[in-house]
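Report on the structure given below.
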Amino acid sequence: QRVWTSARSAQGSGDLGDSANSNDYNEPKQQQQQQQHNKEDELTEKRFNVAHEILDTEQRYVKSLQQCIENHMKTLRNNYTILNKATVDALFSNIQEVYLHNRRFLKMLEDKMEGWNDQCCLGDLFCTFFVGYTKDVYSTYINNFDSALDLYYKLMDENPDFNAFVMARKKTLGLDLSSYLIMPVQRIPRYLLLLGTLLEATPEDHPDRKGLQVAATKARQLTDEINENKRITEERRKWTETEKQLDTIPASLAANNATRRLIKKGLLIESNTSRSSHYIVLFVFSHIHTLKAKRLTLVMKQAPGQ
């Protein structure tokens, strides 16, 4: 009896030991599954938050453009005692066109987000937005922005009526006019950041993954193209301003001005043995085919320092 009892006790102990070993094996596996599940939940929540941030910022952006147009541009256009029409057009450029374009995009975005679930896709929507018309609309505005901002500060200094108008609107709306004017310049780079964040929260096997990758690439290309167009426009503007300072312009410089760019302008001092010196302004252009071996002297209308 004692032998039988001991054997049963040993067998019972063995059963408990096998059960404990089984639990020890299953517990890490369960922990891994729980961790994976938690990670997926975190990505789902992050993706939800980023998607709604895109929607919220787009709504605020479109609303701000509308405020700028209604409370600033249209009011100034209807009041010629403050600014004439040409000045208003130069100040606001094609901001109304930007507003209408993004209002259409916002409507498509709202339709996408209305029935949001984790399988919804935004990449294809942005791919459509970043082609064609967006580049034209934003390039026009951004190319004009520096000139518009210079004009704004000049008007604030020299036009008391305009200054008073801007300050009154700022008190009502909470934003200065310059803050409204810079918004379209900042919006495309902001899209790039938001898409990058959304891509980080999108799993590799998600149906939106590939579309977001393509959209992010298009946003980066669009940003680079707009910046390049702005650089070229600025170089042409500098040459146009330089032309106004010259007494005479050689035919080789005046021709084909649309494709020539002023790369650098600098002041040189040429001295001789009689202790006298004179100034030479050196211009470096993108290309001049007809002046390969000629020395070109361009006479400035004003002496240096004046």
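The values are calculated or read from the model by the stated rules, or taken from the named source; none is laboratory data. Keep in mind it's a predicted model, so treat the numbers as computed, not measured. Cβ placement follows ideal geometry from the backbone for every residue including glycine, while neighbour counts extend to all protein chains displayed. Only protein heavy atoms, including side chains, enter the accessible area calculation; ligands, DNA and RNA are left aside. Shrake-Rupley method; radii C 1.70, N 1.55, O 1.52, S 1.80 Å.
State which residue pairs qualify: first residue more than 18 Å from LEU106 (Cβ to Cβ) and inside region 116-141, second residue assigned to a helix (DSSP H, G or I) and open to solvent by 30 Å² or more (accessible area, probe 1.4 Å) in any location, beta carbons under 7 Å apart, and separation of 6 or more residues or different chains.
ASP118/THR44; LYS135/GLU225; SER139/ASN229
When the residues of region 87-135 are narrowed to those that are in contact with a Ser or Thr (Cβ under 9 Å, 6 or more places away or on another chain) and open to solvent by 70 Å² or more (accessible area, probe 1.4 Å), which ends up farthest from THR75 (Cα to Cα)?
Here the answer is MET108.
Quick check on region 207-215. Is at least one of its residues within 22 Å of ASN94 (Cα to Cα) and open to solvent by 60 Å² or more (accessible area, probe 1.4 Å)?
no
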